[in-house]
Structure formats: C-alpha cells, structure tokens
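Reading through the structure tokens given below for one structure.
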Amino acid sequence: MKNIMITGGCGFIGSNFIRYLLTAPEFKQDMRIINVDKLTYAGNQESLDDVSGAFNGQYIFVHADICDRQSMETIFDKFEIDTVCHFAAESHVDRSIVEPDAFVQTNIMGTFNLLNLFRARKDRMFLFHHVSTDEVFGSLGKYGHFSETTPYNPSSPYSASKASSDHLVRAFIHTYAIPATISNCSNNYGPYQYPEKLIPLMILNAFEGKNLPVYGKGLNIRDWLYVKDHCRGIWEIMNRGIRGETYNIGGDCEKQNIDVVCMICDILDKMEPLKSDRPRRELIEFVDDKKLRPGHDFRYAIDFSKIQVELGWAPEESFETGLEKTIQWYLDHPKWVSLVQKKCGEWLRRHYKGEEPPRCCT
C-alpha cells in the first residue's frame, strides 16, 4: 500500500479511521492518504482540520462525488491509487425512509463506479476494502448472533442499498478476481459522530435539557462498538485479511436503547447537573416507532469470532469508559457541534421545504 484512497473520509468513521491510520506503526513515511468526500450534510472537513497541517504531504483532501466517473477516474490516475477503503455512503435509516433515491444512487451506483475503475487498473491494485453494516442481515430475535454466513434480509432502503453494494463487491471478486475484502460492523459510537445518531443526539439534547425521543419503549437492542476499536479492526483486515473474505466486527456489547439513554442521563447528571436539579431521565419521551420508523429491527448482535481467531482482533474499550469519553468529547467541542448542527438545519430547509423531516434532526 502506497496511495490509499479513503472515500467518505470526512464522515464519522472515515475521519476517525484517517486519524488512526496516520499514527499507526504500519503507516510509513512513503504512504499517502487521499480523502475523497462529496461533503454532504454528514461530511465535515472540520473533523480533520488539525490533520491537514500536521501531516502535510501524507494527507490530501479531494472534494468529489464517487458517482462522478470522470472525476474519480482522474483521482485514480493522478494519485496512482493502489488501495481503496470505501466508507462513503448515505447511512441513516430515517433518512432512507424519507428519501430512498439518494441511498440507491450513492450506496449502489457509487460503489459500482468505484469497482469498475478499480477493476480497470487491477494489475497495479493492492486492495479494495468495503465497509458495511450488520443491518444487511435484518433483525434477530432474542437469541443468536449474525455471522459471516447469515443470509441477508434487509428491512429498510438503507440496509437494502448496503446489501446491494456488498453483493456487488462479492460479484467483482468472483467474476473479475479483484483483490477485495468486506467488513460488516455493529453500531459505532465515539467522537465526530453526526448528531442525528442515537448517542450524540441524546448527549446534546440531554445536556441542553431538551426532550429525549425514544422509539417504542426503547426495548430495541443494538451491539455497540467504540469507533477506535472499529478502525483498528479495519486496518487489521487491510493488512492481514484474506482476499475475498468477509469479516464481522462487533462490540460484544448488547444494550437496549432505553438503557443507553439512561446511562447518558446519569453520566451527564454527574458531570453537568441541570440548573433545576431535575434528573435527566425525566426528559425521556416515547414516540411511535411504527409510524416514524416502519420495519424497525428489534435486535442486532454480531459474532466476531472469525476476526478474533484469524487476526487476533477484539474490542478493547468497554461501553462504560467509551461512553464517558464520548460524552466528554461532545462537551469539549461545542464549536464543532454548532457547525454541524447549522449544516444540518440548512440541509433540512433545502430538502424538505416545509414537509415533516426525519425526527432524528428535530
């Protein structure tokens, strides 16, 4: 690996991965990161402001859309790309229900475009790594875990578009023998996550004393993974994973949504009590998930024994310590939060024009 294209590097996981990569022992002085991002509402250059100056020459940002074949072809050749780590995606279930077209375009056609360009230069290529989600597997009951061989059963336009992109990568592996790997991860949390997602939304609302909307009764279960652990897992796969294989990256941390929200309330009550001394748990309000999120998956849980046995990876951060670090990060970065919230508001006004937007951003 010499010239690594990271798509969607200004997003949550992508920006954390770039930070991780630039300080990883295996990242040598003759290696470069080319961050390609369209800068939609969830892509923020501010997340990497300090990186640009600190790693001059090893980090390059290019404003481009992965669906634009001509632009991407220029980037592949100008920077002599030999490795792709593909994060770029529309990634929120609520938004996919309101506006599925963008998810089909970016997640399916964008991935197809990258694969075609990669295939045309296959002889010089080291790896195409595709980052995906556990949501492609659908919903679990009370027991069991998703493995790499679990049949796909997506429930939303978002998860269906990611499932499609996974299938495209596998098809290119088998049909064109491209060197590629896939990873499916559980729910990430940590610094620089866009405030529409559960944990940062609850942190910011709770800090300000606003209502905390929880779908249903909050009994839906997610497997939580600290973003730095995820980045470490991806890098292990890129360096030592078997080409053509898929690896699940999980947190071994199943939590009901209501328990996550209550933990956030309790931590914030200790850090920054409300002036009224009202316990933040009283801010919780339950909303109708059948209306706002039809097809809401009940439970996700990942079996990550394959990556643990083959590559020696396992999560290091506990949920309790990871959540405390995450809450502290948001409290310490009000400027970043203000910038992305303003960007979100502008995006909502442009796209919904008076219609009801996804609840996640209200």
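Rule-based calculations on the coordinates, nothing more; no lab input. From a predicted model like this one, the values you see are computed outputs, not experimental measurements. A quick note on method: Cβ atoms are made from the backbone with ideal geometry, for glycine too, and the neighbour counts reach across all protein chains shown.
Using only the C-alpha atoms of the chain, find the volume of their convex hull and express it per residue in Å³.
Hull volume normalised by residue count: 132 Å³.
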Charge dipole (debye, nearest 20) of the stretch 1-68; +1 at Cβ of Lys and Arg, -1 at Cβ of Asp and Glu: 220 debye
Alpha carbon centroid spacing (whole Å) that separates the stretch 72-141 from the stretch 213-272: 22 Å
Prolate/oblate/rounded call for the stretch 48-104, Cα gyration tensor, a/c under 1.5 rounded: oblate
Amide H within-cut-off set for residue 87, under 5 Å, with H built and near neighbours excluded: 7
Residue 99-residue 311 pseudo-label distance in nm [points 7 Å out on the Cα-to-Cβ vector]: 3.3 nm
Around residue 66: net Lys/Arg minus Asp/Glu count, Cβ-Cβ under 11 Å: -1
Per-residue ³J(HN,Hα) for the stretch 198-204, Karplus 6.51 cos²θ - 1.76 cosθ + 1.60, θ = phi - 60°, Hz, x for Gly and Pro: 3, 5, x, 4, 5, 4, 5
Hz values of 3J(HN,Hα) by residue in the stretch 140-152 - Karplus curve (6.51, -1.76, 1.60), Gly and Pro given as x: 9, x, 6, 10, x, 9, 6, 10, 5, 9, 5, x, 6
Sparse-neighbour loop sites [GluC sites (Glu not before Pro); the stretch 27-135; at most 16 other C-beta within 10 Å; DSSP]: 80
Most mobile of 191, 334, 157 in a GNM of the chain (Cα contacts under 10 Å): 334
Long-range HN-HN contacts of residue 299 with modeled amide H, under 5 Å: 140, 221
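Nearest 20 debye, what's the magnitude of the dipole of the chain about its Cα centre given +1 on Lys and Arg Cβ and -1 on Asp and Glu Cβ? Don't skip to the answer; put the middle values down first.
Numbers: 42 positive and 49 negative charges, 99 e Å.
So the magnitude is around 480 debye.
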Pairwise label distance in nanometres, residue 259 with residue 208, each label 7 Å out on the Cα-Cβ vector: 2.9 nm
Extension gain from residue 324 to residue 152, taking 0.36 nm per residue of separation minus the Cα-Cα distance: 58.5 nm
Karplus-derived HN-Hα couplings along the stretch 92-109 (A = 6.51, B = -1.76, C = 1.60, θ = phi - 60°), whole Hz, x at Gly and Pro: 10, 4, 4, 5, 5, 6, 7, 9, x, 4, 5, 6, 5, 5, 6, 6, 9, 5
Amide H within-cut-off set for residue 214, under 5 Å, with H built and near neighbours excluded: 285, 286, 287
222 nm mean residue ellipticity, helices alone, for the chain (DSSP H n ≥ 4; -39,500 (n - 2.57); rounded to 500): -12500 deg cm²/dmol
Helix axis angle, 111-120 relative to the chain longest principal axis, alpha carbon, degrees: 20 degrees
